[in-house]
Each structure stands twice: as C-alpha cells, then as structure tokens.
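Presented below is the structure to which this report refers.
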Amino acid sequence: MGIVKIREKYQVTIPEDVRTKIACEVGEYVKVEAQGSKIVITPLVVEEKFSKQDITDLEKVLKKQAKGKEMKSEEYKKRLKTL
C-alpha cells in the first residue's frame, strides 16, 4: 500500500508495488468505481477487434472532436472508413 497525492484533474499515480501485483501497463484501460467510501480501480481485459493503429486513429478523431473543433460528417465518415 502506498500513499499518493491527488493531482490536477484528479489524477493519481499507481505505486509500483501495486502495479506489479495487477500487471497493468501504460495505455491499458481500468474501471474506476466507488464502493462506499472506497475508490476501486480494476484492470479491464479488452477484446481487441481493432489494431492498435485503428484505436490510435479513432482516439485522434475523438480528441479533435473533444477540443471543440467541429468535424463535418463527411470527414468523420472518411476517417471511420480507414479503420
């Protein structure tokens, strides 16, 4: 068990001794939920239906959308077809 500080944007670092016990890697997904007054982080096993490049491309599309830049439907459809 380690003690960590909640940083900007409510980010925390998972201590090394905990990371090695659950075998998590950078870029993997976890589920975060509240159980009473506890925060529980559970590694997820994602069934890969897309290549890592496909996921990277989709994340770029979503990030562009999230930055408030309006994407025309034609451009969005074009990017999805490349996946």
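Residue count for segment 6-48 under the criterion of being at pLDDT 90 or above and of a type in the set (Gly, Ala, Ser): the result is 3.
Among the residues of segment 54-74, is there at least one that is modelled with pLDDT of 90 or more and either small (Gly, Ala, Ser) or in a helix (DSSP H, G or I) (or both)?
So in segment 54-74, the residues modelled with pLDDT of 90 or more come out as none.
Checking segment 54-74: not a single residue is modelled with pLDDT of 90 or more and either small (Gly, Ala, Ser) or in a helix (DSSP H, G or I) (or both).
The values are calculated or read from the model by the stated rules, or taken from the named source; none is laboratory data. Nothing here was measured: the structure is a model prediction, and the numbers come from that model.
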